[in-house]
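Heads up: the structure comes next, in structure tokens.
The values are calculated or read from the model by the stated rules, or taken from the named source; none is laboratory data. As the structure is a prediction and not an experimental result, all values here were calculated from the model. Neighbour counts run over all protein chains shown; Cβ positions are idealised from the backbone, glycine included. All accessible areas refer to the heavy atoms of the entire protein, side chains included, with ligands and DNA or RNA removed. Shrake-Rupley method; radii C 1.70, N 1.55, O 1.52, S 1.80 Å.
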Amino acid sequence: MTADAKDRVFEIIKLEEKRQSEGLELIPSENYVSANVLKAMGSVLTNKYSEGYPGKRYYGGNENIDQIESLAIDRAKQLFNADHANVQPHSGANANEAVYYAWCQPGDTILAMSLPAGGHLTHGSPVTRSAKVYNFVGYGVTEDGDIDYDELEKLAHEHQPQVILVGYSAFMKIPDFDRVAAVAKDVAEESGHEVLLMADMAHVAGLIAGGAHPNPLDHGFQVMTTTTHKTLRGPRGGLILSKGVVGNPLKKVEHTLENIPTLIDRAVFPGTQGGPLEHVIAAKAVAFEEDLQPEFHDYARMIVENANVLAEELKRLGFVLQGDGTENHLILVNVKQSFGIDGKFYEAALDKVGLTLNANALPSDAGGAFRPSGVRLGTPAMTTRGLGQQEMMRVAEWMKRVVEICIEASDEEALDGYESELEAIREEVRKLALDFPVPGIKPQDR
Ligand SMILES: *Cc1c(COP(=O)(O)O)cnc(C)c1O
């Protein structure tokens, strides 16, 4: 930051750098980008209008922008073995919206994991715009936390959806993509219409890129959407990958699965977005190059290993986990069942010691979204900072100590009476956190 940046905004950014440095990020959808990703995002590319696609723009002066967007596209395709990549979606939600718009007519049916089971808001929550346009049908999870494939199959035959969507924000198993692909094939034969297989891998895309999770595009899925800022460790944004024939996005094409790459391009622009954020696309390109390196494979493997160690240690300390553990980076703890405290209360107490996570409803949660019984946590951000198995044990221990304070305090207001106990833990967390610097924040800037 330059010395002449006097705006109050830059003082607040400093405070945020301090918060990120002194605390530990357990939110599974967050991560820390590299200094190079930050640099690309803060570049003059933000000055440029570039509606359209490389070589097909509505404005002049895009010769450099075209090269940058093409690099981002090529790298994304390579990462996910895709025929096509659209790097323009401003967010994961926009990416999903564009895919629905590319393939569906109003009133068409989309079969997706229901929100309480672990699905995402954009998969048909009544509060969203897409839920007013399309007919979402939700499948659930079984007692042991896996997709209820029998239910999925039954609903698919009953409703004959245009899209079957596998994706989630709170699900700890590895999906059986082949099994879902077989269901889509049966429904297509029965109904006489093509069924789009869509995977929303917003949470696990980095694990896929790093070889620690199967790739839905290798298992019969035509489309994969993702965010670029979660395990992929890039700037905030969205990305759509697909299999099929790549055509000219300025020309109309027939509505077939084979044409899905072109239908998606047209649905992103001009269908649902205006000018792309080329500074962010540049940062995506930088992140994708990092993701292509062998070290990123080590990173992906470490995320899963750390999640496993943390899950096992939490279990040993009496925490009840949804699905009894994890196969990815995510852990969902039933704190109500474990210790009789609710998720929001526990989240607030952990915040006071510098451990950041979020309260989360469990499948068939009596507390609902307002007072959920669980908390969701994960290891991508901590693993980026270099924390390993030993540190996971300490995190679990701190989490247990905070539980004990919560049990004694019994409600949020009463936590004020436990300031010294909480501050003691906070100090231990701060000390460990400072030993593992946040990439992109220079120690002298803290
Ligand atoms: C995070 C997430 C999204 C939304 O991403 P935004 O960039 O916040 O819009 C979509 N789908 C899933 C499964 C997610 O986890």
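The residues on offer are 217, 263, and the sole one that is closer than 27 Å to residue 66 by Cα, over 20 Å from the mean Cα position of the chain (by Cα) and not in a loop (DSSP other than H, G, I, E, B) is 263. Listed conditions (1) under 20 Å from residue 253 (Cβ atoms); (2) in contact (Cβ under 8 Å) with a residue 40 or more places away in the chain are all met by residue 92, apart from (1).
Condition check ((1) of a type in the set (Gly, Ala, Ser); (2) over 17 Å from the mean Cα position of the chain (by Cα); (3) within 16 Å of the ligand (Cβ to nearest atom); (4) over 14 Å from residue 76 (Cβ atoms)) across all residues:
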| site | (1), (2), (3), (4) |
| --- | --- |
| 238 | yes, no, yes, no |
| 249 | no, yes, no, yes |
| 255 | no, yes, no, yes |
| 268 | no, yes, yes, no |
| 279 | no, yes, no, yes |
| 295 | no, yes, no, yes |
| 299 | no, no, no, yes |
| 306 | no, yes, no, yes |
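Residue 60 meets all of the listed conditions (1) part of a helix (DSSP H, G or I); (2) more than 22 Å from the chain's Cα centre (by Cα) but one, namely (1).
Looking at this structure, is residue 272 out of contact with any strand residue (DSSP E or B) (no Cβ under 7 Å at 6 or more places or on another chain), hydroxyl-bearing (Ser, Thr, Tyr), modelled with pLDDT of 95 or more and crowded, with 23+ Cβ neighbours inside 10 Å? Answer is no for this residue.
Across segment 181-214, the qualifying residues are those that are of a type in the set (Val, Ile, Thr) and within 30 Å of residue 303 (Cα to Cα), and the one among them that is farthest from the chain's Cα centre (by Cα) is 208. I'm checking my understanding of the structure. Among residues of segment 77-103 that are in a loop (DSSP other than H, G, I, E, B) and open to solvent by 10 Å² or more (accessible area, probe 1.4 Å), which one is nearest to the ligand (Cβ to nearest atom)? The selected residue is 91. Give segment 161-197 a look and list any residue that's of a type in the set (Gly, Ala, Ser) and farther than 30 Å from residue 311 by Cβ, or say none. Of everything in segment 161-197, those that are of a type in the set (Gly, Ala, Ser) and farther than 30 Å from residue 311 by Cβ turn out to be 182, 184, 188, 191, 192.
Suppose the filter is assigned by TED's automatic domain parsing to the domain that holds residue 221, under 23 Å from the mean Cα position of the chain (by Cα) and within 21 Å of residue 268 (Cβ to Cβ); does residue 94 pass it?
Spelling it out, residue 94 is indeed assigned by TED's automatic domain parsing to the domain that holds residue 221, under 23 Å from the mean Cα position of the chain (by Cα) and within 21 Å of residue 268 (Cβ to Cβ).
Considering segment 221-236, and only residues there that are within 8 Å of the ligand (Cβ to nearest atom) and part of a loop (DSSP other than H, G, I, E, B), the residue that is surrounded by the fewest Cβ atoms within 10 Å (Cβ to Cβ) turns out to be 236. Remark: pairs (first residue in segment 204-215, surrounded by fewer than 24 Cβ atoms within 10 Å (Cβ to Cβ); second residue modelled with pLDDT of 95 or more and assigned to a loop (DSSP other than H, G, I, E, B); Cβ separation under 7 Å; 6+ apart in sequence or on different chains) = 213/174; 213/204; 213/328; 214/174; 215/81. For residues that are in a loop (DSSP other than H, G, I, E, B), buried (at least 19 other Cβ atoms within 10 Å of the Cβ) and more than 16 Å from the ligand (Cβ to nearest atom), tally how many sit in segment 27-53. Matching residues across segment 27-53 total 2. One residue stands out in segment 104-139 among those that are open to solvent by less than 60 Å² (accessible area, probe 1.4 Å) and more than 16 Å from the ligand (Cβ to nearest atom): the one that is farthest from the chain's Cα centre (by Cα), namely 107.
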